[in-house]
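The values are calculated or read from the model by the stated rules, or taken from the named source; none is laboratory data. Predicted model only: the values in this text are computed from it and were never measured. Here the Cβ positions follow ideal geometry from the backbone for every residue, glycine too, while neighbour counts run over all protein chains shown.
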Amino acid sequence: MYQSINIHDFRNAFQAYDRQDNFSYEGQQLLFDWLEEYEDYTGEIMELDVVALCCDFTESDLEDINQDYSQSFETLEDAVEWLEYRTSVVGITDSTIVFQAF
């Protein structure tokens, strides 16, 4: 049995699992929109599993990406281009990138 949710339900689910700090407010919106688009594209109905999403996706700033992946990107756009060849990029905020962890 599945229940349709909106962005507010999505945010509340993260809060209920004490995972509200895994993604910024903007990052949660990007992830929610990306998951909805994925469902529309594939026709697959997804189950909301907050813990799995926090394991499968991450939100990082340029400094963390450079450190975590031993890179020296100067802009978020450079990092996005590099990430797109390696994983799914969900989206970009003013200062972070949300992407599938690898």
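Total residues in segment 48-70 satisfying the condition of being farther than 27 Å from Ala13 by Cβ and outside any loop (DSSP other than H, G, I, E, B): the figure is 4. Restricting Ile45, Ile92, Ile65 to residues that are modelled with pLDDT of 95 or more and closer than 26 Å to Ile5 by Cβ narrows the list to Ile92.
Just the residues that are assigned to a helix (DSSP H, G or I) and aromatic (Phe, Trp, Tyr), please, taken from segment 76-95.
Step one: list which residues in segment 76-95 are assigned to a helix (DSSP H, G or I), which gives 76-84.
Once the filter is applied, which keeps residues that are assigned to a helix (DSSP H, G or I) and aromatic (Phe, Trp, Tyr), segment 76-95 yields only Trp82.
Taking every residue in segment 1-23 that is surrounded by 14 or more Cβ atoms within 10 Å (Cβ to Cβ) and pairing it with any residue that is among the acidic types (Asp, Glu), at least 6 positions away or on another chain, the pairs with Cβ-Cβ distances below 8 Å are Asn22/Glu59; Phe23/Glu59.
The residues of segment 24-53 that are surrounded by 16 or more Cβ atoms within 10 Å (Cβ to Cβ) and without any contact (Cβ under 8 Å) to a residue 40 or more places away in the chain, listed by number, are Gln28, Gln29, Phe32, Leu35, Val50, Leu53.
Considering only residues that are under 15 Å from Tyr69 (Cβ atoms) and among the polar types (S, T, N, Q), look in segment 85-102 and name the one that is surrounded by the most Cβ atoms within 10 Å (Cβ to Cβ).
Here is the first cut: in segment 85-102, the residues under 15 Å from Tyr69 (Cβ atoms) are 85-87, 89, 96-97, 99-102.
In the following step, the residues that additionally are among the polar types (S, T, N, Q) were identified as 87, 96, 100.
Values: Thr87: 14, Thr96: 21, Gln100: 14.
The qualifying residue surrounded by the most Cβ atoms within 10 Å (Cβ to Cβ) is Thr96.
When Phe73 is tested against (1) part of a loop (DSSP other than H, G, I, E, B); (2) of a type in the set (A, V, I, L, M, F, W, C); (3) under 14 Å from the mean Cα position of the chain (by Cα), only condition (3) is not met.
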